[in-house]
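*Asks:* Quick one: structure below, then a few questions.
The values are calculated or read from the model by the stated rules, or taken from the named source; none is laboratory data. What you see is a predicted model; the values in this text were computed from it and never measured. In this analysis, Cβ positions are derived from the backbone assuming ideal geometry, glycine residues included, and neighbour counts consider all displayed protein chains. Keep in mind that these areas ignore ligands, DNA and RNA; they rest on the heavy atoms of the full protein, side chains included. Shrake-Rupley method; radii C 1.70, N 1.55, O 1.52, S 1.80 Å.
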Amino acid sequence: MGKASRQRQLRQERERKQRRAAQPSASSPSGPPRPPHEAEQSSQRELAAAGVAEALYALARGLQDQFMERVEALAGQHQVPGWDATVSRELVSYLRVAVSGAWRHGWQPAELARHAGRERGDSHARMVTDMIADEMRGYAAATVDDRWLAQLSALRTEVWWGSDDAYLGRWRGREGNSPQATLMTAVELLLVLGHLPVLPRLCPLPGTARPGAAARPGAAAGDDRTADERILGKIRALLAKAESTEFTEEAEALSARAQELMAKYSIDHALLASEAGRKDEPASRRLPVDNPYEGPKAQLLEEVAKANRCRTVWYKSLGMSAVIGFPADLNAVELLFTSLLVQANTAMLRAGAKRDRYGRSRTRAFRQSFLMSYAIRIGERLAGATGDAERQVAAEAPGRNLLPVLAARHQAVDDAVDEMFGDGVSYYRTGRVSDSEGWYSGRAAADTAALHGYREVAAESA
């Protein structure tokens, strides 16, 4: 439908509604007539809803020309009084409902913003962040999980635009977009939100968290939580130094000390829970695994997780992995993976670009092989370090039997994965190795980040 035809239809429909409103209803002669402005608003809402539905239909089916025609039609009636406000109100309402639906499908705020950016672009990520802020206005902070609130804070969510009627206009002014570009962003975002896969729910829905409840199963409380934060703070500091130093021996020693602390931290949690008869349960968190070289990065995360008694499930199409394990182990995995990835990238970029004997670039093959080799070698050395830590704890407390405690935790994690994913877990080849120089360079870099020699650092840190 062209712009002139749509304007004519709108005018005719408005006149028809006004004529009906001016006449008493035959079915209810005693009822008051509808005011003309209500009839006009109803007509505009219906036409706006139809226009949005037509644009969404065309976009979903890849009919780009038809999609642009529908967007032009929605934007072309701004001279009609109240039309822009009506379109804005309808689209914001649809987007708000779609965000609420994303929560029920297991998504969290940071994941939703990141996914919109990956699928469509930064402007879509900014718009969905606005819609998250709008949707979250309906919940008291005391009924929102702490992890959820932390993500909202990191996203800096804020309702800055006032009413739904004003949103698209103010967005257009802030972004410097045309009416058509603004409407395209909104409809494209609506399509993204309408095709979200269902994910396992990792924390309570907003509005359902109980005030004062633990943020996660097995969470520490009071003095225990303070002690946890103190240890994690020390681990973060050690890893930050390892990432920033230019001396490989120092980075090696710092990483080793961090690994030692993490292993003991995890084992202590397991033993204390067992001795206290506390039934801790595995939890899960999802970590981003971004391109380029997402396969080797997912492999690195898997190796780090295995060494810390966790399991991973890679959502390849979504660019993230779920890590399943006990909370203390999840903390170790996230901290160590992030640090080792920084160290790997630093070493890889230091190697520079690569070319074959014919002058053709082989940089991508080199880096793919580098990171895959790095991940596998890190896994070998982490497994050894974890075994050393377990033997050290057993030697220091001969009356404590670690094996059944750790075996029970392994089984609990496997059971949690089966419960969350069932037969839905599929396995990907995380990447192929085609560059021998990259393979040996990656293995050497993993040895540089090796986790041995920690006793010297431990003595200095004591």
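*Asks:* For residue 100 and residue 245, compute 0.36 nm times the residue count separating them, minus their Cα-Cα distance, and round to one decimal in nm.
*Replies:* Taking residue 100 through residue 245 to full extension adds about 47.7 nm, to one decimal.
*Asks:* Please grab the % of Cα pairs in segment 80-155 that end up more than 20 Å from each other.
*Replies:* Counting every Cα pair in segment 80-155, those more than 20 Å apart make up 33 percent.
*Asks:* Something else about it: Spelling out what I want: for every residue of segment 237-247, take phi, set θ = phi - 60°, compute 6.51 cos²θ - 1.76 cosθ + 1.60 (Karplus), and round to whole Hz; glycine and proline get x.
*Replies:* Couplings: 5, 4, 5, 4, 5, 4, 6, 9, 6, 8, 9 Hz.
*Asks:* Of the peptides 136-143, 51-58, 409-416, how do they stack up when ordered by the mean number of other Cβ atoms within 10 Å, highest first?
*Replies:* 51-58, 409-416, 136-143
*Asks:* Can you compute log10 of I(q)/I(0) for segment 232-325 with the Debye formula, treating each Cα as one identical point scatterer, at q = 0.16, 0.20, 0.24 Å⁻¹?
*Replies:* The calculated log intensity ratios at q = 0.16, 0.20, 0.24 Å⁻¹ are -0.85, -1.11, -1.19.
*Asks:* Now for a different question. Could you tell me which residue out of 326, 340, 352 lies farthest along the dipole of segment 299-397 toward its positive end? Charges go on the beta carbon: Lys and Arg +1, Asp and Glu -1, centred on the Cα centre.
*Replies:* 352
*Asks:* Sorted by accessible area with a 1.4 angstrom probe, largest first, how do 264, 316, 279 fall?
*Replies:* 279, 316, 264
*Asks:* How far, in nm, would the chain grow between residue 291 and residue 208 when pulled straight, counting 0.36 nm per residue and subtracting the alpha carbon separation?
*Replies:* 26.4 nm
*Asks:* Using a Förster distance of 60 angstrom, determine the FRET efficiency expected from the C-beta separation of residue 281 and residue 79, and round it to 0.05.
*Replies:* E between residue 281 and residue 79, to the nearest 0.05, is 0.50.
*Asks:* Moving on to the next point. When the solvent-accessible surface of protein heavy atoms is calculated with a 1.4 angstrom probe, in what order do 171, 160 fall, highest first?
*Replies:* So the residues, ranked largest to smallest area, are 160, 171.
*Asks:* Roughly speaking, what is the centre-to-centre gap between segment 380-395 and segment 123-157 when only Cα atoms are used, to the nearest Å?
*Replies:* 41 Å
*Asks:* Let me ask something else. A 24 angstrom limit on the alpha carbon distance is what I want to check against. Which of 264/297; 264/306; 279/306; 306/354; 279/316; 241/297 exceed it?
*Replies:* Where the Cα-Cα span goes over 24 Å, the pairs concerned are 264/297; 306/354; 279/316.
*Asks:* Going from most exposed to least, what order do 247, 370, 421 have by accessible area with a 1.4 Å probe?
*Replies:* Ranked list, largest accessible area first: 247, 421, 370.
*Asks:* Quick one: putting +1 on the C-beta of Lys and Arg, -1 on the C-beta of Asp and Glu, what dipole do you get for segment 41-117 around its Cα centre, in Debye to the nearest 20?
*Replies:* Dipole size: approximately 340 debye.
*Asks:* Next question, about the same structure. For segment 367-376, take each phi angle, set θ = phi - 60°, evaluate the Karplus expression 6.51 cos²θ - 1.76 cosθ + 1.60, and give the result in whole Hz per residue in order, putting x for glycine and proline.
*Replies:* 6, 4, 5, 4, 5, 5, 5, 4, 4, 5
*Asks:* What accessible surface, in Å², does a 1.4 Å probe find on residue 195, ignoring ligands, DNA and RNA and rounding to the nearest 10?
*Replies:* Accessible surface of residue 195 is approximately 130 Å².
*Asks:* Which log10 I(q)/I(0) values, to two decimals, does segment 92-205 give at q = 0.15, 0.16 Å⁻¹ under the Debye formula with one point per Cα?
*Replies:* Computed log10 I(q)/I(0) values: -0.61, -0.70.
*Asks:* Just the Cα atoms of segment 168-207, one point each, no solvent: what log10 I(q)/I(0) does Debye give at q = 0.33 Å⁻¹?
*Replies:* Log10 I(q)/I(0), no solvent term: -1.06.
*Asks:* Would you mind telling me the share, in percent, of accessible area of segment 62-112 contributed by carbon and sulfur at probe 1.4 angstrom?
*Replies:* Values: 1100 of 1990 Å².
Heavy-atom surface of segment 62-112 belonging to carbon and sulfur, 1.4 Å probe: 55 percent.
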